[in-house]
1. Write down the percent of antiparallel bridges among all DSSP beta bridges whose residues are both part of chain B, to the nearest 5.
2. Most exposed first by the Cβ proxy, i.e. fewest other Cβ within 10 Å, how do B:ARG116, A:ARG132 rank?
3. Projected area of the stretch B:31-114, taken from the Cα convex hull and averaged over every viewing direction, in nm²?
4. Considering only C-alpha atoms, what is the centroid distance from the stretch A:281-322 to the stretch A:37-51, in Å?
5. Expressed as a fraction of 2.2 N^0.38 Å, the rule-of-thumb size for a compact globular protein of N residues, what is the C-alpha radius of gyration of the stretch A:41-181?
6. With 24 Å as the limit, write out which pairs from B:LYS41/B:LYS194; A:LYS7/A:LYS218; A:LYS218/B:LYS41 have Cα-Cα distances beyond it, or answer none.
7. Out of the DSSP beta bridges found with both residues in the protein assembly as shown, what percent are antiparallel (nearest 5)?
8. Starting with the fewest neighbours, write out A:ASP205, B:ASP175 ranked by other beta-carbon atoms found within 10 Å of each beta-carbon.
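FYI, it's all coordinate maths here, none of it is from the lab. Not measured: the values here are computed from a predicted model. With ideal geometry, Cβ positions are generated from the backbone for all residues, glycine too; neighbour counts draw on all protein chains shown.
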Amino acid sequence: MGITVSKNQWMNVAMVAFAMCFIVFSSNYFDEYSVRILNNIAIFIILAVSYNLINGVTGQFSLEPNGFVAIGAYVTALLLVSPEAKQYQYAIVDPYPFVMTLHANFVVALLLSGIFAALLALALAAPVFRVRGDYLAIVTLGFGFIIKILAINNPEITNGSLGLNDIPEFSNLYWTGGIAIIAVIVILNIVNSKFGRAMKAVRDDEDAATAMGVNTFKAKTLAFCTSAFFEGVGGGLLAALLTSISPDLFDFFFTFQLLIIIVLGGLGSTTGAIIGTVLVIGGSEWMRFLDEPMHLFGYTTTAMPGMRMVVFSLILIFIMLFAREGIMGKRELKDFFTSRKKGEK
Amino acid sequence: MILKIDNVTKNFGGVTAIKETSFSVAPKEIFGLIGPNGAGKTTMFNIITGNYEPSSGQVIFRGEPMDGLKPHQIVRKGIARTFQNIRLFSSMSVLDNVLIGFDFQARYGFLESIVRFPRFIKEEKRIKVRSMEILDYFGMASFAHEKAVDLSYGQQRKVEIARALATNPELLLLDEPAAGMNPSETEELGVIIKKARNDFDLTVLLIEHDMKFVNQMCDKVLVLDYGKTIFEGKPHEAIQDPEVIAAYLGDFHND
Ligand SMILES: Nc1ncnc2c1ncn2[C@@H]1O[C@H](COP(=O)(O)OP(=O)(O)OP(=O)(O)O)[C@@H](O)[C@H]1O
Ligand SMILES: [Mg+2]
């Protein structure tokens, strides 16, 4: 048994090393378009693995990502946009004086984005998880709408529907990829600890979990706040990648895309969430042609924006009907190695 | 007395599942809770474990009232249980199922687990070793890495007891541990429960329909019928008690 543990550890180290080499290589040699897609993939890996923690690992159906990503994006944007840039941006009304004084470096901005999101998650968790039942989905869905509406209706802070521009483009592959690696390691370390076991126990059988001394309220709250933290950080990275944000960027569609990713990858599997991200974000780029006019057998169809989403929705429906376990089921990459060992015994 | 049930009543809407029941269990006793279907036995377990709140009356464990405690807090006080319908964690390995019982005793924090602090590694190793010991005690060590749901019924029952023991209880509640087992499995289970009682210093409260098993196992029994106590005493006297016989006959009749 000691041997398999160290074998696993070596494999983990090797994979992190590979990911780092890939980041360095692609930053230096890939064209701008590919790097942009990789940045997107890295950010969505952060979001997907953390979304999977509450939805897949803990089994609490939640629709929170767009809300917390929006929070993170706005916090980071407000902290990064320079006072001069703020001066001319606020076109609807003048900003509150404190908005002008907000300033921090990138790391602090990202951390504050995560912490702010996690604290809000804590405030939501307290009432929702006190009672049994599937209230989380409704509450988080409503939360997403409220955040969007607050962003539109408080132009003194957010510049309303115009959003914030001229956010310094601090995000690059080193940041997005590096934080994605950290997020995956942190989430896996949580999953493979007593905290992760408690979360899985809650998913499998809440009564049995309680009977084993698991504080199910604490397990759910921990999962939800951890998800929110990384969604906040991811939102910050996104803001510093896109350089401009506005409320409609963070509508329900954003969450829906992440839902497709984790269901496709296999609810509960962190490896699956990563695979799902690459397939959906990569595939979504590849399927761009679907939204454009097509030339088929000599005919030209008109452009159909949103066609890609139709395809993704069909994939989601197909998975839910015929392949509920997704690509990975609840397994992780390492399970494929340990299960073979079991067969040898 | 390690456990004292003091005049407990439980109503579900119009149904009185438990009516003014009192009994006490002495340390290291194997105490049987028996009675026909629907007598209120499982309900009594759920009251002791904090899953249900009694409509009136009190549960006192080691002299301390358990009023208002949540189930997970009661486990930590030293009361563990198994379920009438086996409820193992289906996506997890046998080892992980047992580890869960140890988890609240593992001394490391959230941040320590994230950075894989030395104490995390030490504690995880400690509870893994302890889990394997318990599995070994039940002859289940070789199944540690199997999915719990892939085991046979009898094996799953053993894992469920092993898992309950991992919480380090003083009082173990077993809800029909022999249900669905064949005679030889039942016999083996009886031996192991008695042995565990001595090795783990346990008090056992068990629900069982198999009267032969009850007779062999229990120092004392309480017979419930429609939530009312109709007999308390030695098991071999219970089977001769006219009221108990009538209750069971009535039960057979209804079946
Ligand atoms: N949660 C509940 N809500 C409503 N009624 C309940 C509930 N739990 C139990 N009851 C009722 O309480 C009575 C006692 O049920 P209980 O499960 O305690 O019986 P039991 O003695 O364990 O029977 P069995 O031998 O069949 O397991 C039954 O009439 C049952 O329908
Ligand atoms: Mg019962």
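1. 55
2. Ranking B:ARG116, A:ARG132 by Cβ neighbours within 10 Å, fewest first, gives A:ARG132, B:ARG116.
3. 8.1
4. 22
5. Here the answer is 1.13, to two decimals.
6. A:LYS7/A:LYS218; A:LYS218/B:LYS41
7. Of the beta bridges lying entirely in the protein assembly as shown, close to 60 percent run antiparallel.
8. Going from least to most buried by this count: A:ASP205, B:ASP175.
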